[in-house]
1. List the lysines whose alpha-carbon lies under 19 Å from that of K381, not counting same-chain residues fewer than 8 positions away?
2. What residues from the range 153-193 fall in the zone where the backbone N is under 12 Å from a label point 7 Å along the Cα-to-C-beta line of A142?
3. For the modelled label position 7 Å from the Cα of T195 along Cα-to-Cβ, which residues of the range 156-183 have backbone nitrogen atoms closer than 13 Å?
4. How much length, in nm to one decimal, is gained on full extension between A286 and A300, taken as 0.36 nm per residue of separation minus their Cα-Cα distance?
5. Determine the per residue accessible area of the chain with all protein chains present and a 1.4 angstrom probe, expressed in square angstrom.
6. Suppose each label sits 7 Å from its Cα in the direction of the beta carbon; what would the N107-N183 distance come out to in nanometres?
7. Near K161, which lysines are there with a Cα under 23 Å away, not counting those fewer than 8 places off in the same chain?
8. Apply the a/c threshold of 1.5 to the C-alpha gyration tensor of the range 225-318 and tell me whether it is rounded, prolate or oblate.
Amino acid sequence: MNIPVHRNVYMTDELQAIYDQTAAFVANEVVPVGDAWEAAGQVPREVYKRMGELGMFSLRVPERWDGLGMGPLSSATFAEALGTSTYAGFEANVLVHTDMALPHLLNAGSEAQLERWLPTVLSGDTMLSIAVTEPDAGSDVAGLRTTAVRDGDGWRLNGTKTFITGAVYGDLSILAARTDPDNRYGISMFLVPATAAGFEVARKLDKHGWRSSDTAELVLRDVWLSDDHLLGEVHRGFYATMQNFQNERMVLVGMGIGAAQAAIDLTNAYTQQRQAFGGTLFDLGAIRQRMAMHQAEVDAVRASMYHAAWLQEQGVDAIKETSGLKAYGAEVVNRVMYDCVQFHGGVGYMRESTIERMYRDARILPIGGGATEVMLEEVAKRSYLER
């Protein structure tokens, strides 16, 4: 019996179909044109609309809203398959939309908000971003300074956001603002349309990697939003953000593992045909054993990712497992990319090579979505023995 390479104990035929469909999509509709997106710093909207037509934005959406009603395992599968594209900027924009911003709307949106926004979100006509990070508040979400003050039957917002993926050309930001100045955790979430008066993209940021992803610095100057733009309970936005962090961290590892596997396959193929020292580079034990060890590491991270997704799907508190996954997985991906560039030699250092781009793209993984050091502290806090 032929078992698909990426099938594991947690997967079903439906999940395998999602993987296969997504991997085929990126192979046919991303890889051939990805270089142009890198140069433009933007993914064409038509691509997102095509993904919407194929139901790719609907995996975690309840069936009553025309979604598939699936759980975290579908996100892990989708993220890993996206990662095979080798264009992490594209992958990041998609996952911000589906797995970092959309869950806030699904978890806390009112019937009216869901009716208003969800159809166009699922079709790709409304692209989402999640605006939490600020110049002085990254992993420390409770330190954010953007304010939302009661003003009539709405709210007046002021502040700055930075490193916001997908917000330059996006349509709707799910934005965190402080609503209780006397409470460190008194934060609320708001739905902020890109067209709101006083809401502007101050800068399109120029990044080391993820070049096809647009990243914004946002400024809010007396942005007034009516009450129907408040998402969920007032002062509960910090906890809503923490609730979704585990999913966010999981899919970041997922896209990284998809990319790491692609990098291993690419490097094995290159070293097996590159002639050197009377044979091929792969004939050298130092190279083939290093690549074999990286394959073992990637297999281990992949298994841990699906296990963490399964735990989340069972309703288990998996913060310790997911934090460890994010810390270790992101570091593994970077080690893989480092050696893959090394074994490509001078070619791997050239901008024209796929592996050079993948190496740059991977560097953000130990930083974004919770830095490695923060993740290790999350594990350590849950490792104290009961006294």
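The values are calculated or read from the model by the stated rules, or taken from the named source; none is laboratory data. Please read all numbers here as calculations on a predicted model, not as lab measurements. Neighbour counts run over all protein chains shown; Cβ positions are idealised from the backbone, glycine included. These accessible areas exclude ligands, DNA and RNA; they are computed on the full protein's heavy atoms, side chains included. Shrake-Rupley method; radii C 1.70, N 1.55, O 1.52, S 1.80 Å.
1. The reachable lysines, counting only those whose Cα sits under 19 Å from K381, are K320, K326.
2. 183-187
3. 171-172
4. Working: separation 14, 0.36 × 14 = 5.04 nm, distance 2.13 nm.
Net length gain for the segment: 2.9 nm.
5. Working: 17170 Å² over 387 residues.
On a per-residue basis, the chain sits at 44 Å².
6. It is 1.7 nm.
7. K204, K207
8. Working: a/c = 5.72, a/b = 2.90, b/c = 1.97.
It is prolate, given that a/c is not under 1.5 and a/b is the larger ratio.
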